[in-house]
1. Report the relative contact order of the chain, percent, no decimals, based on alpha-carbon pairs under 8 angstrom and at least 6 residues apart.
2. To the nearest 0.05, what FRET efficiency results for Asp121 and Val218 with a Förster distance of 30 Å applied to their C-beta separation?
3. Work out how much length Asp36 to Arg158 would gain on full extension: take 0.36 nm times their residue separation and subtract the Cα-Cα distance, in nm to one decimal.
4. For the stretch 143-249, what value does the Rg/Rh ratio take when both radii are computed over Cα atoms and Rh is the Kirkwood radius, given to two decimals?
5. What's the Kirkwood radius of the stretch 1-89 in Å, using all Cα pairs?
6. Under a crude label model (7 Å from the Cα following the beta-carbon direction), how far is Met129 from Glu45 in nanometres?
7. From the P(r) of the stretch 191-243, can you give the percent of Cα pairs sitting at distances over 17 Å?
8. Above 23 Å lies some portion of the pair distances; for the stretch 72-190, what is it as a whole percent of all C-alpha pairs?
Amino acid sequence: MIFPSKLPHVGTTIFTVMSALARQHGAVNLAQGFPDFDPDPRLSERCVAALAAGRHQYAPMTGLPELRLALATAMREDFGIDYDADSEVTITAGATQALFSALGCLLHTGDECLIFEPAYDSYGPAILMNGAVPVPVTMKAPDFRWDWDAAAAKITYRTRAIVVNSPHNPTGSCFTEADLIALESLAEKHGLWVISDEVYAGIVHDGRRHFSCGSREVLRSRSFVCMSFGKTFHCTGWKVGACLAPAALSAEFRKAHQFTTFSVNTPAQAALADLCALREARRHGDFFEQRRDLLISSLAGSGLRPLRPCQGSYFQLFDYSALSDENDLDFAIRLTRERGVASIPLSPFSAAPDPAQRLIRLCFAKKPETLLAAAERLVSEPG
Ligand code: PMP
Ligand code: GLN
């Protein structure tokens with residue numbers, strides 16, 4: 001019996017593969033993007049308090065009102081974007097579900113949806129599962145910027161939507177205001193809907209600001225902005241996120257959301273509502289920038305060359321061409337086995353990767369001692 005797979009070319013995600021390999025070889029895991037330090041202790045305290053207070057039952061379908069309000073307020077204070085907590089904010093099971101439900105409520109069979117590659121790995125499969133076709137637009141090394149003319153050139157009468165992601169995983173590139181303006185005019189001219197993955201909005205470096213699709217009137221009117229509390233509050237395992245969109249779009253989003261998860265776990269939402277309401281708990285200052293700089297400086301002499309300092313997110317790309325001519329997957333596997341450091345190769349983020357590319361991604365959301373332990377293994381002569 002042959003199962004009629006909707007995703008015949010999809011295997012297990014590279015994040016799962018590399019984390020499993022890291023465990024198997026006792027490697028320092030700079031692969032999958034998650035912090036190895038604890039969140040603010042108040043987060044666990046509030047979650048325990050919510051459990052003790054008997055908050056065990058379904059949350060409202062759209063999310064706890066106090067979390068929606070805290071998020072709407074935080075978005076206004078931190079990024080100057082305005083969403084109504086009741087009609088325009090929906091709490092989801094992580095950004096992954098926000099992205100999936102946004103694409104699900106939007107895409108019809110046979111639609112085309114532009115994605116910039118390298119792309120976070122969930123976009124393509126989510127588009128395919130919703131009966132549509134992902135159309136890749138290449139971001140070129142070494143700068144990995146968004147090429148709006150190349151995107152325009154891929155638009156056909158079937159193009160319904162475009163997925164964007166800034167700060168960008170895996171390259172660390174960030175939108176400028178010019179990118180937002182270009183995206184806005186593209187979306188308006190061609191009637192595109194925009195799915196904007198902004199999970200790293202709070203993690204930008206070197207004095208940059210985050211340019212959100214919610215910050216320009218026309219763009220906002222066409223956008224689903226997807227967020228993740230896991231990134232902002234160092235609790236990726238809680239899997240709580242959100243979708244922000246104008247009321248008419250949110251109403252459609254909620255139709256999809258209510259039949260994918262219905263609602264998100266209550267005690268986690270209660271705890272996040274308390275923390276999200278505290279401005280100081282949302283701010284990272286130069287916390288991540290320091291770790292980025294530590295990773296780059298401690299790897300001097302390792303043969304891994306940083307592409308350019310990450311502008312946003314907690315990932316840094318390194319060129320390993322001085323060390324090896326292997327393809328990136330083989331190199332990442334060998335680095336894990338032989339040098340005890342797990343990374344993520346870049347090629348799984350593209351449908352047709354450049355075979356000459358020699359890049360890996362390292363995650364610097366780690367304790368300084370973890371980053372130094374990885375560097376020690378990579379700088380020392382292979383044993
Ligand atoms: N988008 C990007 C760019 C990501 O890096 C991630 C991974 N955390 C997600 C979406 C998914 O977020 P979540 O874990 O909240 O589902
Ligand atoms: N977002 C994380 C990363 O890019 C991984 C999430 C996952 O494992 N699905 O590493």
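Derivation of every value follows stated rules applied to the coordinates shown; laboratory data play no part. Note that the structure is a prediction, hence the values are computed from the model and not measured. Cβ sites come from the backbone with ideal geometry, for glycine too, and all protein chains shown count toward neighbours.
1. Working: 765 pairs, mean separation 96.9, N = 383.
Value for the chain: 25 percent.
2. Working: r = 30 Å, r/R0 = 0.99.
In this case the efficiency is close to 0.50.
3. Gain on stretching Asp36 to Arg158: 39.6 nm.
4. 0.97
5. 17.9
6. 3.8
7. The proportion of pairs with Cα distances above 17 Å equals 43 percent.
8. Result: 36 percent of Cα pairs exceed 23 Å.
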